[in-house]
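Structure first, then comments.
The values are calculated or read from the model by the stated rules, or taken from the named source; none is laboratory data. Given the structure is predicted, the values throughout are model-derived calculations rather than measurements. With ideal geometry, Cβ positions are generated from the backbone for all residues, glycine too; neighbour counts draw on all protein chains shown.
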Amino acid sequence: MKLRRVLLMAATVMAASAAQADTLVDVARERLNDDVPIPMFKVDTSWPKLPDDLILGQVPGLSVDRNDNIWILTRPNSLDATETGLDSDPPIAVGCCKAPLHVMQFDQEGNLLRNWGGPDIAPGESTVTGKGPEAVETGNEQWPANVHGLFVDDAMTVWLGGNGNGDHVVLNFTMDGKFIRQIGRRQSTDGNGSLEFLGNPADIASNGESVLVADGYINKRIVEFDEGDLAFKQMWGAYGGAPDGGTRDEPFDQSQATSTGDGGANPESRSFGDIVHCVVRGPENTVYVCDRRNNRLQLFRETPSGIAFIKDIVIAPETGGTRTASDVAFSPDGTYVYVADMMNGRVWILLRETHQILGSFGRNGRYPGQFIWLHSVDVDSAGNVYTTEVNTGRRVQRFVFTGLAE
């Protein structure tokens, strides 16, 4: 009997592996250096397993937690009534679909574990009249009008921000969606020099000692706050200097993400461009900042005496449109850096020791393993890579690590 159970278990594992193999699809890839091993991936077309009645909108946030669960931040407001007919009263569709709430947690198999978000769980309340740039808000609601950026810290609390009209706030919640605290305040902004207010923050990184905010859609800076009381600690702009380059007039409109009004990317600019899109803590006390509109990362190191600039990492400098460096992640052992490239629809693979570009995977397109407005990237402890897309991309994808190509 024992042997039979063992054989049955082995058969079950083999069947599961075979089933997964059937859902793994090759992706476009490019290798630029045959002398250095490079990670290889296949996209899992079965992931995630959304409930039958849900549909994703834009996905502007992504974070893998300490337990290898995958969190995404969605924009229900990016879906229209023809996509969410079940949400109408009465429903105007049969079977599908409804919009999910903003924050979604999935396990490794892609099962939905949690789904929460919206104005009801944040302080304040407001009334909005009008639509789009002409909308007028009255009140003190703190939930962002257009969410942007997600980070789950080691204490399993969730941080998120927003880049919509008046969204000058970062909110912190428990993993079940209970409000804890906030940085900044909606409808209040005061430029790059403010010690208290933000300007449409794009991203957050918390390590238990301090919280870094990429304050980057209205302002152009990185701001650091104490983890305990959220008191201001320091701020910096390009090359670690004082934040400069001015601020954007409100409100930010998505069309500005492709505008050439800034004259195009300048990877040698002494100021951050007009979207400081990510802030990511890396190995060895490093901090990576996505200066997306200038097609570069800026690499810093946290030291006892403050932040120290290390180098520029330029990504496809000739690129226009939405530009390139939108997010950063690392292989589990810290050997490789993954850079999400929004305009070119690919994930670049860099050797972290030198930041030499080794190759890439993905391409622009709508099939599995392809990208439209690639926005965020993160990695689990097994080396699997996750990505999200905004605009008309509207999805999260899982790329399974299959080994190193020698």
All positions within region 321-363 that are in a loop (DSSP other than H, G, I, E, B), touching a strand residue (DSSP E or B) at 6+ places or on another chain (Cβ under 8 Å) and among the aliphatic types (A, V, I, L, M): 342
With 354, 388, 402 as the choices, which residue is modelled with pLDDT of 95 or more, surrounded by fewer than 17 Cβ atoms within 10 Å (Cβ to Cβ) and within 20 Å of residue 288 (Cα to Cα)? 354
Test for residue 366: is it surrounded by fewer than 23 Cβ atoms within 10 Å (Cβ to Cβ), free of Cβ contacts under 8 Å to residues at least 60 places away in the same chain and either assigned to a loop (DSSP other than H, G, I, E, B) or touching a helix residue (DSSP H, G or I) at 6+ places or on another chain (Cβ under 9 Å) (or both): yes
Filtering region 232-272 down to residues that are more than 21 Å from the chain's Cα centre (by Cα) and exposed (fewer than 11 other Cβ atoms within 10 Å of the Cβ), which residue is nearest to residue 320 (Cα to Cα)? 260
Given the condition farther than 24 Å from residue 102 by Cα and either at pLDDT 95 or above or touching a Gly at 6+ places or on another chain (Cβ under 6 Å) (or both), answer yes or no: does some residue in region 370-377 qualify? no
Here are the criteria: (1) surrounded by fewer than 20 Cβ atoms within 10 Å (Cβ to Cβ); (2) in contact with a helix residue (DSSP H, G or I) (Cβ under 6 Å, 6 or more places away or on another chain); (3) β-branched (Val, Ile, Thr). Tell me which single one residue 322 does not satisfy. (1)
Would a scan of region 231-238 turn up a residue that is out of contact with any Pro (no Cβ under 6 Å at 6 or more places or on another chain), over 22 Å from residue 280 (Cβ atoms) and either touching a residue at least 40 places away in the same chain (Cβ under 8 Å) or part of a loop (DSSP other than H, G, I, E, B) (or both)? yes
Criterion first (out of contact with any Pro (no Cβ under 9 Å at 6 or more places or on another chain), surrounded by fewer than 21 Cβ atoms within 10 Å (Cβ to Cβ) and of a type outside the set (Ser, Thr, Tyr)) does residue 306 satisfy it? yes
With the requirement that a residue be of a type in the set (S, T, N, Q) and surrounded by 14 or more Cβ atoms within 10 Å (Cβ to Cβ), what does region 47-82 give you? 58, 63, 69, 74, 77, 78
State whether one or more residues within region 283-294 are touching a His at 6+ places or on another chain (Cβ under 6 Å), buried (at least 22 other Cβ atoms within 10 Å of the Cβ) and not hydroxyl-bearing (Ser, Thr, Tyr). yes
Residues of region 278-298 being within 17 Å of residue 337 (Cβ to Cβ) and more than 18 Å from the chain's Cα centre (by Cα), in sequence order, are 283, 284, 285, 286
Report, by residue number, each residue of region 157-197 that is farther than 21 Å from residue 276 by Cα, in a loop (DSSP other than H, G, I, E, B) and of a type outside the set (Ser, Thr, Tyr). 175, 176, 177, 178
Kindly establish whether residue 400 is in a strand (DSSP E or B) and touching a helix residue (DSSP H, G or I) at 6+ places or on another chain (Cβ under 9 Å). yes
